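Student: Take this structure first; my questions come after.
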Amino acid sequence: MLLGAGVIALFASILAATALGGESISLVNVRDILTNHLHLTDVDVFAYKDVIVWQDRMPRSVVAAAVGAGLAVCGVLLQSLLRNPLADPFLLGISSGASTGAVIIGVLGLGNAVLGLSGGAFLGALVAFGAVLLLARFAGGSTDRVILAGVAMTQLFSALTSFVIFAFADSDETRGIMFWLLGSLEGVRWNDARLAAVVAIAGLACCWAAARALDAFTFGDEVAASLGIPVARVRGALLVLTALITAALVSVAGAVGFVGLVLPHAARFLVGPGHTRLVPVAALLGAIFLVWVDALSRVAFHPTPLPLGVGTALVGVPAFVAIMFSRRGRA
């Protein structure tokens, strides 16, 4: 029942968010435009409203939902694999690496004709994750070494990003890059929505299939091994999966923080620690959360929307504090 209600709430949230903006459009118009493009109806709608809904707001809301779902699932993965309640998708340096790759493309222009900003961000994220795994392996390969290597690489790539901006970017480039680094859905289109949706759905399916292993990891490597799970191989595969999902989503939406940290805890508060239920519920909560953060950012700060990462922190921190106090009261 909770999953069904979540799916309905997500669909309703996307429709409502699509109706909101500088140009207010009724839900009836949104419904007619959507069904027209799905070839279910042929209702006359003003052309400018069709453009606003179908080419701008609808793909933006779909990308927000996909990014929110994907990052929330990655948060669930990392908190289980690393047994750290503070783990999130950006712990492994992936976001910092993506930022460095995007800045090198956007400011220095290296490989711009081949990769573009999103391609540079994806490549940078993979390079950073590879550096984390390499450093952790040479340091012993334990989960705490992975976390420490992630913290070190996060600081390194953040410093590289700041250095490139400080040394080579002019004021206009700095403003554009910083807006992207804080998370932005400006200019996303249906090709971005398709990519983000495929990545999020594939990641959700893989994580849900690994729910039994994730339950075992929660109790430690010894318990997982006693249940017949190849600990090193499964952990490595799921960490690589997390890196690929995060890199792809960050390349589309920029560095959107706090979703992977907060929403897994909110999902546990609702359905408990069992990953069969936790993974899909966290994905739905992340999707709904980011759709509404983006919609409210667009409406409250029109015509220049608030960067998405700023909005997630402003909304997420109070929510996280409320969850902490609620769990304390239950304990």
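Student: Of the residues 247, 159, 211, which exhibits the maximal mean-square fluctuation in a Gaussian network model of the chain defined by a 10 Å Cα contact cut-off?
Tutor: Among 247, 159, 211, the largest GNM mean-square fluctuation belongs to 159.
Student: OK, next. Remind me, what semi-axes does region 195-321 give for its equivalent ellipsoid, largest first in whole Å, using sqrt of 5 times each Cα gyration tensor eigenvalue? Mind showing how you got there, number by number?
Tutor: Working: eigenvalues 189, 53, 26 Å².
Largest first, region 195-321 gives 31, 16, 11 Å.
Student: May I pose another question? Over the chain, with a Gaussian network built from C-alpha contacts below 10 Å, which listed residue (122, 166, 46) shows the highest mean-square fluctuation?
Tutor: Checking each option, the largest mean-square fluctuation is seen for 46.
Student: Enumerate the calculated ³J(HN,Hα) couplings along region 210-217 in order (Karplus 6.51 cos²θ - 1.76 cosθ + 1.60, θ = phi - 60°), each rounded to whole Hz, writing x wherever the residue is Gly or Pro.
Tutor: For region 210-217, the Karplus-derived couplings read 9, 4, 4, 5, 5, 4, 5, 4 Hz, x marking Gly and Pro.
Student: If you put +1 on each Lys and Arg Cβ and -1 on each Asp and Glu Cβ, how big is the dipole of region 1-88 around its Cα centre, in Debye rounded to 20? Could the numbers behind the result be given before it?
Tutor: Details: 5 positive and 7 negative charges, 76 e Å.
Once rounded to the nearest 20, the dipole reads 360 debye.
Student: How many percent of all Cα-Cα pairs in region 1-156 sit more than 29 Å apart? Mind showing how you got there, number by number?
Tutor: Numbers: 5272 of 12090 pairs.
In whole percent, the share of Cα-Cα pairs in region 1-156 beyond 29 Å is 44.
Student: Quick one: give the max-minus-min coordinate of the C-alpha atoms of region 162-266 along each principal axis, largest first, in Å.
Tutor: 58, 33, 26
Student: Turning to a different aspect of this structure: Could you tell me which of rounded, prolate or oblate describes region 46-107, using a ≥ b ≥ c as the square roots of the eigenvalues of the alpha-carbon gyration tensor, with rounded for a/c under 1.5 and, failing that, prolate when a/b is larger than b/c and oblate otherwise? Walk me through the intermediate numbers first.
Tutor: Numbers: a/c = 6.30, a/b = 1.70, b/c = 3.71.
Cα axes put region 46-107 in the oblate bin.
Student: Return the Rg/Rh ratio of region 173-213 with Cα-based radii and a Kirkwood Rh. Provide the component values of the computation, followed by the final result.
Tutor: Working: Rg = 15.3 Å, Rh = 12.5 Å.
Across region 173-213, the Cα-based Rg/Rh ratio is 1.22.
Student: Please report the Cα spread of the chain along all three principal axes, rounded to whole Å, starting with the longest.
Tutor: For the chain, the Cα extents along the three principal axes come out at 63, 54, 37 Å.
Student: Right, here's the next one. Based on DSSP H runs of at least 4 residues, each adding -39500 (n - 2.57), what is the mean residue ellipticity at 222 nm of the chain after dividing by all its residues, to the nearest 500 deg cm²/dmol?
Tutor: On the way: 15 runs with 246 residues, N = 331.
Computed ellipticity for the chain at 222 nm equals -25000 deg cm²/dmol.
Student: Write down the accessible area per residue of region 172-331 in Å², having rolled a 1.4 Å probe over the full set of protein chains.
Tutor: Details: 7350 Å² over 160 residues.
Using a 1.4 Å probe on heavy atoms only, each residue of region 172-331 averages 46 Å².
Student: Could I ask something else about it? Using θ = phi - 60° and the Karplus form 6.51 cos²θ - 1.76 cosθ + 1.60, what ³J(HN,Hα) does each residue of region 226-241 get, whole Hz, x for Gly and Pro?
Tutor: Once θ is set to phi - 60°, the couplings for region 226-241 become 5, 8, x, 8, x, 4, 4, 5, 5, 4, x, 5, 6, 5, 4, 4 Hz.
Student: Using the Cα centre of region 64-174 as origin and beta-carbon charges of +1 (Lys, Arg) and -1 (Asp, Glu), tell me which of 99, 82, 131 is placed farthest towards the positive end of the dipole.
Tutor: About the Cα centre, the residue reaching furthest to the positive side is 82.
Student: State the Cα centre-to-centre distance between region 213-249 and region 148-196 in whole Å.
Tutor: Computed from Cα coordinates, the inter-centre distance equals 29 Å.
Student: Dipole magnitude of the chain about its Cα centre, charges +1 at Lys/Arg Cβ and -1 at Asp/Glu Cβ only, in debye to the nearest 20?
Tutor: Using Cβ point charges on Lys, Arg, Asp and Glu, the chain gives about 980 debye.
Student: In addition: Pick from 254, 316, 220: which residue has the top mean-square fluctuation in a GNM of the chain where Cα pairs under 10 Å get a spring?
Tutor: 220
The values are calculated or read from the model by the stated rules, or taken from the named source; none is laboratory data. What you are looking at is a predicted structure, and each value in this text was computed from that prediction instead of being measured. A quick note on method: Cβ atoms are made from the backbone with ideal geometry, for glycine too, and the neighbour counts reach across all protein chains shown. Please note that ligands, DNA and RNA were not included when accessible areas were found on the heavy atoms of the full protein model with its side chains. Shrake-Rupley method; radii C 1.70, N 1.55, O 1.52, S 1.80 Å.
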